[in-house]
1. For the range 59-69, check the following and say yes or no: at least one residue is at pLDDT below 85 and under 14 Å from the mean Cα position of the chain (by Cα).
2. Can you tell me which residue within the range 3-23, out of those that are without any contact (Cβ under 8 Å) to a residue 12 or more places away in the chain and either within 17 Å of residue 68 (Cα to Cα) or assigned to a loop (DSSP other than H, G, I, E, B) (or both), is nearest to the chain's Cα centre (by Cα)?
3. Check whether at least one residue in the range 32-52 is outside any helix (DSSP H, G or I), free of Cβ contacts under 8 Å to residues at least 40 places away in the same chain and surrounded by 14 or more Cβ atoms within 10 Å (Cβ to Cβ), and report yes or no.
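The values are calculated or read from the model by the stated rules, or taken from the named source; none is laboratory data. Keep in mind that what you see is a predicted model, and the values were worked out from it rather than measured. Neighbour counts are summed over all protein chains in view; Cβ atoms, including those assigned to glycine, are modelled from backbone coordinates with ideal geometry.
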């Protein structure tokens with residue numbers, strides 16, 4: 001079954017700056033699998049980031065990045081207000097309030113290039129048979145951007 005059709009599927013993503021934190025307190029973002037349409041949308045935004053001739057304003061870049069992240073990230077865990085220690089509810093406003101633009105870009109890139117998968121899972125996926133079995137998963141391609 002294609003990943004996008006699997007009910008309730010989600011993939012954990014951890015920002016590089018949080019990778020050394022204990023798992024039980026590590027801020028984790030959950031992304032939905034992206035079909036080619038979703039990946040194309042992500043790729044278009046990433047391409048615009050590197051287009052020196054773009055006429056988009058900084059605010060337009062911020063808005064597009066947050067809107068896209070709101071579509072691909074479906075939840076988060078261990079995101080707590082530093083003053084109250086209360087859980088921060090997941091929302092577009094919370095993304096804007098608590099994440100930097102660079103963190104938003106990192107999350108988007110990780111979804112696009114499947115670098116949200118931890119090294120052990122990646123190793124298992126890369127050694128999985130490519131015979132088209134029901135449980136096989138495409139090879140993860142990592143790209144430095």
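1. no
2. 19
3. Yes: one or more hits.
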